[in-house]
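One structure is given below, encoded as structure tokens.
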Amino acid sequence: MALQTVLAAILFTTFLFISSASAQSARTVNVRNYGVVPDGRTDNQKGFLRAWNDACNGNGASILYVPKGVYVLGPVVFSGPCRGPIMFLMTGVLKALPGPSAVSNWINFRNVNLMLLKGGGTFDGQGPSAWRFNNCAKDVNCKPLPINLKFDSVTNSRIEFVKSVNSKQTHISLHGCQNVNITKVEVLAPADSPNTDGIKMGRSSGIRISNTRISTGDDCVAILSGSSNIDVSNVHCGPGHGISIGSLGKYRGELNVHGVSVTRCTFSQTDNGVRIKSWASPIPAIASNFLFQDIVMDRVRNPIIIDQTYCPHTTCGKEAASHIQISDVTYRNIRGTSSSDVAVSFECSKKFPCKNIVMTDIKFDNSNGGLPLKSSCSNVIGRTFGNQSPRPCF
Ligand SMILES: *[C@@H]1O[C@H](CO)[C@@H](O)[C@H](O)[C@H]1NC(C)=O
């Protein structure tokens, strides 16, 4: 079969929402026909943009094909709307330019509907060349470091079977996205790499992350302001800072977060397991309807944690309280080992206590030997069912 036919067949079988007629006539745009060279040196920015524009502006379904090889690529914005569904078939390795960048994203997809990004390829952000410019609190030489893959207003799309390595900042970030499925993705960066969140989202709904491994220096998954209907399942996190809702209440005009389910996930030697975090600030929002179920943790420092006292720069004052109302949070069948004495910690807002926190079958052992584990709470209203170890504090 000619490559064209093979690709059309892949498109046909994996892109079910395209009519068969348009799938059969999918055009393939090979970046190699646009002056792009996989020599590991040349910046291929212009060729990639020209190829994207041709694929995106062709009538009907298109395939943007990146054959095997190592391609250096400067920052790019792949903009839609496109004139039909588009498959970005990435089988090569893309390498960012080394060092800090003047722009905040490396590869940015904007206003694209019906996209499928797949192919087993790697996005290598070249983080080790830039992480030392990260320390903006202490270092006048700090520079904005780009996100590896940024999705703005991307809808009805899939990201599957690709790898993000050593991003300079967040690996994958979604903003204003709807109905995006992320599966069989791998995220990899060292445990001490700064601000390298795995998958982060805001103002997005219908985001599903499944069968994904995340090893990085910051949150594995971070669910921020304005997110709803988020499903995280079969995700492995570690090393990393866990799966977080928040932090919330940092910026003015934040939106509610509701409907998040985190199920069948594993954590290995992470700082946190499942965390809800908000600033002790006057910014209000509601964070509700969360399910954490069937989770196994190995040597996690704070396995189950709600922290509404977050105020890293001590600007909040002693009396400050979070104005984020957390409610309807279920923890069910969560077990494993804790590497600190406190396996369950709920520090809720004194102005807006956490409501309807339900815990069923929680079982943790201390990974540092025999000492019994504790739970700690303030301002929590909830109920427990089944076995509880450590003993509940409400
Ligand atoms: C994502 O997965 C859900 C559940 O399997 C499915 O209903 C939805 O159509 C999928 N969306 C895309 C864009 O593939």
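For the stretch 296-325, filtered to residues that are free of Cβ contacts under 8 Å to residues at least 40 places away in the same chain and not hydroxyl-bearing (S, T, Y), the residue that is farthest from P239 (Cα to Cα) is E319. Any residue at all in the stretch 225-236 that is farther than 23 Å from G176 by Cβ, in contact with a His (Cβ under 8 Å, 6 or more places away or on another chain) and surrounded by fewer than 19 Cβ atoms within 10 Å (Cβ to Cβ)? No, the conditions are met nowhere in the stretch 225-236.
Against the list (1) out of contact with any Phe, Trp or Tyr (no Cβ under 6 Å at 6 or more places or on another chain); (2) more than 16 Å from the ligand (Cβ to nearest atom), the condition C237 fails is (1).
Of all residues in the stretch 167-180, those that are modelled with pLDDT of 95 or more have Cβ atoms under 7 Å from Cβ atoms of residues that are away from the ligand (no atom under 16 Å from the Cβ) and of a type in the set (K, R), 6 or more apart or on another chain, in T170/K200; S173/K150; S173/K200; H175/R203; G176/R203. Taken over the stretch 153-196, the criterion of being part of a strand (DSSP E or B), of a type in the set (S, T, Y) and over 15 Å from P128 (Cβ atoms) is satisfied by T155, S157, S173, T183.
Just a yes or no: is a residue in the stretch 86-98 crowded, with 19+ Cβ neighbours inside 10 Å and on the phi > 0 side of the Ramachandran plot?
No - not one qualifying residue is present in the stretch 86-98.
Scanning the stretch 91-100 for residues that are assigned to a loop (DSSP other than H, G, I, E, B) and under 26 Å from G120 (Cα atoms) yields T91, G92, A96, L97, P98, G99. Looking at the stretch 74-90, can you tell me whether even one residue there is more than 27 Å from the chain's Cα centre (by Cα) and assigned to a strand (DSSP E or B)? Scanning the stretch 74-90 turns up no residue that is more than 27 Å from the chain's Cα centre (by Cα) and assigned to a strand (DSSP E or B).
Here's the yes/no breakdown for (1) in contact with a Phe, Trp or Tyr (Cβ under 6 Å, 6 or more places away or on another chain); (2) in a loop (DSSP other than H, G, I, E, B); (3) within 24 Å of F385 (Cβ to Cβ); (4) not aromatic (F, W, Y):
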site: A287; (1), (2), (3), (4): no, no, yes, yes
site: F292; (1), (2), (3), (4): yes, no, yes, no
site: K318; (1), (2), (3), (4): no, yes, no, yes
site: A321; (1), (2), (3), (4): no, yes, no, yes
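Inside the stretch 327-365, residues that are among the polar types (S, T, N, Q) and in contact with a Ser or Thr (Cβ under 6 Å, 6 or more places away or on another chain) make up a count of 6.
Table: residues versus (1) closer than 16 Å to R203 by Cβ; (2) more than 16 Å from the ligand (Cβ to nearest atom).
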{"site": "E160", "(1), (2)": "no, no"}
{"site": "Q169", "(1), (2)": "no, yes"}
{"site": "S173", "(1), (2)": "yes, yes"}
{"site": "N181", "(1), (2)": "no, no"}
{"site": "E186", "(1), (2)": "no, yes"}
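Given the criteria surrounded by fewer than 18 Cβ atoms within 10 Å (Cβ to Cβ) and at pLDDT 95 or above, does N148 qualify?
no
Report whether or not N272 is surrounded by fewer than 19 Cβ atoms within 10 Å (Cβ to Cβ), away from the ligand (no atom under 16 Å from the Cβ) and within 21 Å of D307 (Cα to Cα). No; evaluated as a whole, the condition is false for this residue. May I ask you to list the residues in the stretch 139-158 that are within 16 Å of the ligand (Cβ to nearest atom) and within 17 Å of F123 (Cβ to Cβ)? Within the stretch 139-158, F151, V154, S157, R158 meet the criteria. Just one of the listed residues (N356, N366, N379) is surrounded by fewer than 16 Cβ atoms within 10 Å (Cβ to Cβ) and at pLDDT 95 or above, namely N356. Please enumerate the residues belonging to the stretch 195-242 that are among the β-branched types (V, I, T), touching a Gly at 6+ places or on another chain (Cβ under 6 Å) and over 13 Å from C265 (Cβ atoms). T196, T216 - these are the residues of the stretch 195-242 that are among the β-branched types (V, I, T), touching a Gly at 6+ places or on another chain (Cβ under 6 Å) and over 13 Å from C265 (Cβ atoms).
The values are calculated or read from the model by the stated rules, or taken from the named source; none is laboratory data. Treat the numbers as computed from the prediction; the structure is a model and nothing was measured. A quick note on method: Cβ atoms are made from the backbone with ideal geometry, for glycine too, and the neighbour counts reach across all protein chains shown.
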